[in-house]
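Some notes on the structure that comes next.
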Amino acid sequence: MRLVKWFTLFLLTLVSVTLSAMSSVPTPEQLIRTSDLDIHKPINFDLWPKAIKQSFNPTLTGQVKLASDKNRSHLVLTEQSDSYKFELKTRANDFTNQRVLLPEIEFDFVTLNHKIIPIAQSLQLTTHPHWDYILGVGDVWRTDDQGNLFQVVMPFNLVEKNQNCVHNGILTFVINPKQSGTTASQFYYQISSETCLYYKVDMWGVGAVKQKIKQKIKQKINQKIKQKAKQAVTQNKQQELVESQLTTVLTSVQQKAVVRYVNQQQNKFPVEAISQLPIAEKNLSQLDMAKLSLTKLIKPTDMTMYGLAFNGQYYVSQCQTRAGPYPFCEELVMPSYSTAKTIFGGLSMYLLQREYPQLYHQKVSDWVPQCDLPQWQDVTFLDLLNMTTGNYDSGYSTADEAAEHSQQFFAASSHVSKIKYACQQFTRKSQPGTKFVYHTSDTYLLGTALNQFVRGMKGPQTDLFKYVFGHDLWPKLRLSPVAYETRRTSDKEQQPFVGFGLFFTRDDVFKVTRYLANVAAELFHPASTDHGSLTNFASTRYDQSFWKQNIATHTDCAEPHWLPYLSGYGGISVVLVSPTIQYFYFSDSGIYDWSLAITELHTRQAICSKRTKHD
C-alpha cells in the first residue's frame, strides 16, 4: 500500500514538473517583448501568434530593418549526410560559423487590410558571406485599442549565396508608429524546413527592429478602397479603382506593390487540399494517397510540397516542417535546381527559335570567344541543349557531374571562372550529337551563348533572362514577384546560371508546369520513334533539356509510352503526363523516382491508350 501511495505521489510530482516546464516555454510574443529572454529549441508553429481579423486596419507604410543578436542566434544541424560531408570537404570556405547569423534584412512595406506587403519580394542580395533572402506577404493586425501597436508575422527565406538552396522561415515583430526611427522592439525568427539536400538545419533567434513609419492612412480612405474593390466586377476594373483610390496617399512604388498584390491574388489558380482529390474526382476515389505522396520513399519532413494538376483542377499538399505545417504555404519559396535546365535553357531555345529559326545550328565558338578551341568548333547550340557536345571525361552519363572537380564550377562566383571551367575542363571524346553526358556547365555555356546571341540581335544591353522571361513569358503566365530574379555571377557580367538558380511559389509551379506540358506536347509527338539520347538507364532518355521515361516498364501499357519530365537536385520531379495532367514534388530526400505515384495514377486514370489485357 505504501508503494502505491509513493508511486502515485511520484506521478503527481512528475506531471506538476512537466506542466511547469511547458508553461515556462516562452512564446514568440514573449520573446520579442523581453530584452534578455532566450530559447534553446524551436517553437512549434501551432504556438505562433495568429492573425486577428478586425473591422478596420489602417494602412501603414514604412521601412523596417532587422539585425539578429549574435548572442541569441542558434543553428542546429539536423542531419550530417554524405552530401553535407562532400560539400564541407569541397567548399570549406562556404561553411563558416557566420552561417548562424541572419543577414541584415531591410525592406520597405505597405499594409493593405490585414496584409503586410514587402515592396521587394524577389531575391535580395546582401553583404553577408553566406546568405541572401526572399521576403513574402505576411499578416498584420492591431494588438491594442488605441491602434499604436501592430503585430506582424511574415514568411522569409534564406537563400545560400551563389547556390539554389532555400531555407523557409517565419519572423514576427511589433510595429509601433509612435516609436518610428528608434529601436522599437525585437523580432523572433525561426527556420524549420528547407529544400536543400546537403544542409538541413534548424535556425532560430532574436534580434533588434528599427523602423520608420512614414504614413498612417486615415480610416475613411482605407474603407473607401475596400468598398470600391468589392464593387469591382472585373479584375481590370478592380485594378483601376484600387489605383485611383491609392494615388493620393501612396508613392508610385507603393501603389505598384499594392496593385501587384491585388492582381496576384486574383490570378492565382484555385487549389484544393490534396486530401480532397479522391472526393472531388470520381475516377480517383480509390486512389492510394500514400503512393501519391511517396510516403514509403520520402520522409514527411523531407517533402517540401507535392501536387497534382488534374483536368483543370489543382491539388496540393501541406508544407510540412520539423515544427509542424508551415503557416504560409502559399508564400513558401522553392528552388528550381536543375529543372531550370528545361525552364530556362529549354524554353529560351524554344521561344527564341521561333524568332530566329537558325538558332539551333549556331556554333558555340562563334558566340563565346573563351570556347574558341578545337573541341568546340563543330558544337552547336542544340548539342549544348541535348548535352551531346562530345566533350567529357567519363562516358558514364552522370560521373563528371559527381566528380570533385565539378565543385570548381559550382563554387565559382565569377563568370571568368565558370566559363573557363565550361570551355576547358573536358576534351573531345566522341562526335557531337551522338552521346549524352550530363554537365550543368554545358547549360551555363548555352546560357552564355544565348545571352551573346540576343545582344547581337537586340542590342548590347539586352539580358537573356529579362528579355525572354521578365518582359515576356512571366507576365503572360502571371507569375509571382519571386520568379522575376535568378541566380547570376557576382561580377560585372551578371551572367545568369541558367542550369539552376530560379525560384518559385506553388502557384508559379502550377502555371509553369501547365505551360511546359503544352510545349512538350508540341515538341514530342506520340508516334515518333526518336525519344532522345540514351542515358545510363534503359527506360530513360534526354531530349532537348527534357528527361523522358518509358512507363511501360512499370505499368500495363502495351507499347512504349514516354513521359517527359523535369528533374532537380536533391529530389525534385515535375512529370508532364499530358496537357491536362501534371504531377510534381519538391523534396530534399535524394529520391528521384516518381514511378510509384504515376503507376498508381495510371491504375485509376489510363495514361497510355493501349493497355495489356488482364485475365
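A few notes on this one:
- Of the numbered criteria (1) farther than 22 Å from V519 by Cα; (2) of a type in the set (F, W, Y); (3) not in a loop (DSSP other than H, G, I, E, B), the one Y542 fails is (1).
- S589, sole failed condition from (1) over 17 Å from the mean Cα position of the chain (by Cα); (2) surrounded by fewer than 24 Cβ atoms within 10 Å (Cβ to Cβ): (1)
- One residue from T111, T61 being crowded, with 16+ Cβ neighbours inside 10 Å, more than 23 Å from H40 (Cα to Cα) and either free of Cβ contacts under 8 Å to residues at least 60 places away in the same chain or of a type in the set (F, W, Y) (or both): T111
- Any hit, the stretch 577-593, residues being closer than 17 Å to T540 by Cα and of a type outside the set (A, V, I, L, M): yes
- Here I598 qualifies as part of a helix (DSSP H, G or I), closer than 23 Å to G346 by Cβ and either open to solvent by less than 40 Å² (accessible area, probe 1.4 Å) or at pLDDT below 95 (or both).
- Being in contact (Cβ under 8 Å) with a residue 12 or more places away in the chain, open to solvent by 10 Å² or more (accessible area, probe 1.4 Å) and over 23 Å from the mean Cα position of the chain (by Cα) is a property that does not hold for T389.
- Residue count, the stretch 511-539 (criterion: assigned to a strand (DSSP E or B) and crowded, with 18+ Cβ neighbours inside 10 Å): 1
- For the stretch 342-357, the condition of being modelled with pLDDT of 95 or more, crowded, with 19+ Cβ neighbours inside 10 Å and over 28 Å from L523 (Cα atoms) holds for none of the residues.
- Test: residue in the stretch 495-515 that is touching a His at 6+ places or on another chain (Cβ under 6 Å) and touching a residue at least 12 places away in the same chain (Cβ under 8 Å): yes
- Residue list for the stretch 356-368, restricted to those being part of a helix (DSSP H, G or I) and free of Cβ contacts under 8 Å to residues at least 12 places away in the same chain: D366
The values are calculated or read from the model by the stated rules, or taken from the named source; none is laboratory data. This one's a predicted model, so the numbers in the text were calculated from it and none came from an experiment. Don't worry about glycine lacking a Cβ; one is built from the backbone with ideal geometry, like all the others, and counts go over all protein chains shown. For the accessible areas, the whole protein counts, side chains as well, though only heavy atoms, and no ligand, DNA or RNA atoms are used. Shrake-Rupley method; radii C 1.70, N 1.55, O 1.52, S 1.80 Å.
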